[in-house]
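Note sheet for the following structure.
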Amino acid sequence: MRIRVLGSSAGGGFPQWNCNCPNCDGLRQGTVRATARTQSSIAVSADGTDWLLVNASPDILQQVRENPELQPARAIRDSGIAAVLLMDAQIDHVTGLLMLRERKTPLPLLATPEVFSDISSGFPITGILSHYCGVDRQELPIDGSAVRVPSLPGLLLHTVSLSSKPPPYSPFRGNPRPGDNIGLLITHPTTGSKAFYAPGLAEVTPELIELMSGCSVVLVDGTFWTHDEMQRLGLSTKAALDMGHLPQSGPGGMIEQLDKLPAGVRKILIHINNTNPMLVEDSDERVELTAHGIEVAHDGMSIEI
């Protein structure tokens, strides 16, 4: 099973278009050792030809260009993207669906009923796509039952309802529902290898630790280094958990949680906000992560399990 990191940044990318924080300004000026990133998305394949796109970021066209595996060119119009799965209804995870409208057949789209409700009303992408390719809707259960994608027989999926928040435009922003945000367990049915993906995660429960402990690789929320990161920089009045993200550092933070996993589990942080100091490759924060055996995802990262 192959996983390709198409984008590793949080919403806005890195550098963010209107941000002059130390990271963004430093990258533009060439004064920090860091690499530009597009907004978070991964692609998963069992055969290297047909892919499940997990989240469709606004940067999807650039990501397809930079990852030739997604264009096998078997016909005059073709794509390796066999289906799309949404982890949530956040703008940086669903807007790219509009860029996939030039299809002759409806776009296979997997999401929970809660996500479908948000992208059918508050941000009516499914309605817009009905005037183009249309959507072949497949609802994802959150009861732990297995999900198979007809166009991707080599993958077996399980979803996990996570503690986080729906997007700001959702009427349920202040009253989250199970299914607003999910984690994804991906299993190769032949080899039994497993990967877990959760770019938005506010709480790591004992049950989640047990699930991740059985995986070869986990890619989890790396949005903020500290709880008050945005507040200290004067960029927001909200803290990390207010926005549905568990910070890496501090008591109970993501580093402490990932330390609970067995040594054989590969641990990777993804969905990294432009303000996060770990983006600087020679930073103290990066040294700390390395000491804990934690990697930082980058665009183009290829993972085979």
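Data table
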{"quantity": "Residue list for the range 261-279, filter: more than 12 Å from THR226 (Cα to Cα) and of a type outside the set (Val, Ile, Thr)", "calculated": "LEU261, PRO262, ALA263, GLY264, ARG266, LYS267, LEU269, HIS271, ASN274, LEU279"}
{"quantity": "Lone unmet requirement of (1) of a type in the set (A, V, I, L, M); (2) in contact with a helix residue (DSSP H, G or I) (Cβ under 7 Å, 6 or more places away or on another chain); (3) in contact (Cβ under 8 Å) with a residue 60 or more places away in the chain for LEU61", "calculated": "(3)"}
{"quantity": "Of all residues making up the range 256-294, the number that are in a strand (DSSP E or B) and buried (at least 17 other Cβ atoms within 10 Å of the Cβ)", "calculated": "6"}
{"quantity": "Test set (1) closer than 14 Å to ILE60 by Cβ; (2) assigned to a helix (DSSP H, G or I) - THR126 fails condition number", "calculated": "(1)"}
{"quantity": "Which numbered condition PHE224 misses (of (1) touching a residue at least 12 places away in the same chain (Cβ under 8 Å); (2) surrounded by fewer than 24 Cβ atoms within 10 Å (Cβ to Cβ))", "calculated": "(2)"}
{"quantity": "Number of the exception - LEU156 against (1) part of a loop (DSSP other than H, G, I, E, B); (2) in contact with a strand residue (DSSP E or B) (Cβ under 9 Å, 6 or more places away or on another chain)", "calculated": "(1)"}
{"quantity": "Leading residue by the ranking (surrounded by the fewest Cβ atoms within 10 Å (Cβ to Cβ)) among those in the range 1-32 that are touching a helix residue (DSSP H, G or I) at 6+ places or on another chain (Cβ under 7 Å) and more than 25 Å from ALA89 (Cβ to Cβ)", "calculated": "VAL32"}
{"quantity": "Matching helices (runs of 4 or more DSSP H) fully within the range 57-121 where at least 3 residues are surrounded by fewer than 23 Cβ atoms within 10 Å (Cβ to Cβ)", "calculated": "60-66, 113-120"}
{"quantity": "Filter result for PRO167 (touching a residue at least 12 places away in the same chain (Cβ under 8 Å), surrounded by 15 or more Cβ atoms within 10 Å (Cβ to Cβ) and more than 21 Å from LEU289 (Cβ to Cβ))", "calculated": "yes"}
{"quantity": "Flag for ASP242 being farther than 24 Å from GLY30 by Cα, out of contact with any Pro (no Cβ under 7 Å at 6 or more places or on another chain) and of a type outside the set (A, V, I, L, M, F, W, C)", "calculated": "yes"}
{"quantity": "Which listed residue is out of contact with any His (no Cβ under 6 Å at 6 or more places or on another chain), farther than 26 Å from GLY48 by Cα, modelled with pLDDT under 95 and buried (at least 20 other Cβ atoms within 10 Å of the Cβ), from LEU129, LEU162", "calculated": "LEU162"}
{"quantity": "Residue identified as out of contact with any Lys or Arg (no Cβ under 7 Å at 6 or more places or on another chain), within 20 Å of ASP92 (Cβ to Cβ) and in a loop (DSSP other than H, G, I, E, B) among GLY183, GLY200, GLY174", "calculated": "GLY200"}
{"quantity": "Test for LEU233: is it over 21 Å from LEU86 (Cβ atoms), modelled with pLDDT under 95 and more than 17 Å from the chain's Cα centre (by Cα)", "calculated": "yes"}
{"quantity": "Unmet requirement for MET301, which otherwise passes all of (1) in contact with a Lys or Arg (Cβ under 9 Å, 6 or more places away or on another chain); (2) under 27 Å from CYS24 (Cβ atoms); (3) modelled with pLDDT under 95; (4) of a type in the set (A, V, I, L, M)", "calculated": "(3)"}
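The values are calculated or read from the model by the stated rules, or taken from the named source; none is laboratory data. Since the model is a prediction, treat every value here as computed from it, not as a measurement. Glycine gets a Cβ as well: all are built from the backbone with ideal geometry, and neighbour counts include every protein chain shown.
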